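J.: Below you will find the structure I want to go over with you.
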Amino acid sequence: MNIFSNILGAVALGAASLTGVSAAHAQERAASMNLEAMFDNTLGTEQRAPQDFTAGYDSPFARRIATIADGQNGRIGVAALDLASGQQISILGDQSFPMASTSKIAIAATFMEGVEQGRWSLSSRFPLMIPVRSPAFSSRVAPVTRGQSMAASELIEIMITRSSNPATDALLAAVGGPEKVNDWARRAGLEGFNLTRDIATLVRDDGEIDPAKAVDIRDSATPATMTRLLAGLYQGRWLNASSRRVILGAMERCRTGKRRIPALLPASAQVKHKTGSLNNTSSDIGIIHTPDGRAIALAIYVTGQGSRPARESKIAQIARALYDGYATSDGRNWASATY
């Protein structure tokens, strides 16, 4: 900068000493050219190309999944983890998507932590929370009425296998609301998880934002976060063996989403999963057990695509591609899996 200031000062003094307008103009032009030459010599004149923000994938396997998860008709998020090798796949894996009913796995985990701590038991009874009809957005929390009381074990079963919303809200009320589930998720290291409403309110006010066109962080999670949730449950990071059996056993008996993760998998593959559905979004998260003894945790969130059957078809195609890709991948390292 001192060099440039000296040059500019010299130009100004030289211009002031000239009497002819044309001479002054010529000298200013020459000084300007000298200044440009010095600038080029000092800082360079390389022309820089615009930055390329196109997603890049480091293997044919990842590129294959990215091709199927083409989100031109809506956002599609995928995360998968081979629990034998630690090999991961991520397509918009760190972007938030509506959890819908996939949040019920975290609610179940929060409740089971309370069982382990002796605050309640699986035989404790809680009333179903039945939604009362009310206009959308008419209150911060949708009104509900208490229904039949059921044992916690039964509530978890129908919450996961049949995706019962009244059963979910019963357990959510028992643990202390969404903030308690968020607290459990934070302590588990699941930073990309955010539950803000009970299911009755979520369903009543659904449709406010189109998830295919915008990101709403309320009641959302990233696919990568949900994959870590599944892997942690499977590997026993947070809950004891009996608690895990309750949740994973119900996921294995899941009756919803037959056209999603399980749809295109071979009969020899065993699936534990939990679905989610809201306005213009369909999802499925789960663990696939392969005949050779491996386990693959995966989370697939699909928005848009024109219809629910089209979204479900995308989920099924992605799940099969992940299953086949991990089966043929060269990245397996059974002895030193890292997460």
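The values are calculated or read from the model by the stated rules, or taken from the named source; none is laboratory data. Since this is a predicted model, take the numbers as computed values, not measurements. Glycine also receives a Cβ, built like all others from the backbone with ideal geometry; neighbour counts cover every protein chain displayed. Only protein heavy atoms, including side chains, enter the accessible area calculation; ligands, DNA and RNA are left aside. Shrake-Rupley method; radii C 1.70, N 1.55, O 1.52, S 1.80 Å.
J.: Based only on Cα atoms, what mean projected area does the convex hull of segment 231-330 have, in nm²?
T.: 6.9 nm²
J.: How many nm separate the modelled label positions at residue 218 and residue 73, each set 7 Å beyond the Cα in the direction of the Cβ?
T.: 2.9 nm
J.: Checking the table 104/272; 180/258; 104/180; 213/258 against a 23 Å threshold on Cα-Cα, which pairs fail?
T.: 180/258; 213/258
J.: Then there's this: Could you tell me the calculated FRET efficiency between residue 136 and residue 245, based on Cβ-Cβ distance and R0 = 51 angstrom, to the nearest 0.05?
T.: About 0.85, to the nearest 0.05.
J.: Then there's this: Over segment 115-257, what is the relative contact order in percent, taking alpha-carbon pairs closer than 8 angstrom and at least six residues apart?
T.: RCO, segment 115-257: 24 percent.
J.: While we're on this one: Residue by residue through segment 82-94, what is 3J(HN,Hα) from phi via Karplus (6.51 cos²θ - 1.76 cosθ + 1.60, θ = phi - 60°)? Round to whole Hz and write x for glycine and proline.
T.: These are the phi-based 3J(HN,Hα) values: 7, 6, 7, 9, x, 5, 10, 10, 9, 10, 6, x, 9 Hz.
J.: If r is the Cβ-Cβ distance from residue 187 to residue 292 and R0 is 25 Å, what FRET efficiency results, to the nearest 0.05?
T.: Numbers: r = 34 Å, r/R0 = 1.37.
With R0 = 25 Å, the Cβ-Cβ based efficiency is 0.15.
J.: Suppose R0 equals 30 Å; then what is the FRET efficiency for residue 267 and residue 122 from their Cβ-Cβ distance, rounded to the nearest 0.05? Mind showing how you got there, number by number?
T.: On the way: r = 32 Å, r/R0 = 1.07.
Taking R0 as 30 Å, the efficiency between residue 267 and residue 122 is 0.40.
J.: Follow-up question, since we're still on this one. Put 198, 292, 169 in order of accessible area, largest first, 1.4 Å probe: what do you get?
T.: Order by accessible area, largest first: 292, 198, 169.
J.: If I take all pairs of Cα atoms in segment 68-162, what percentage of them are more than 19 Å from each other?
T.: 64 percent
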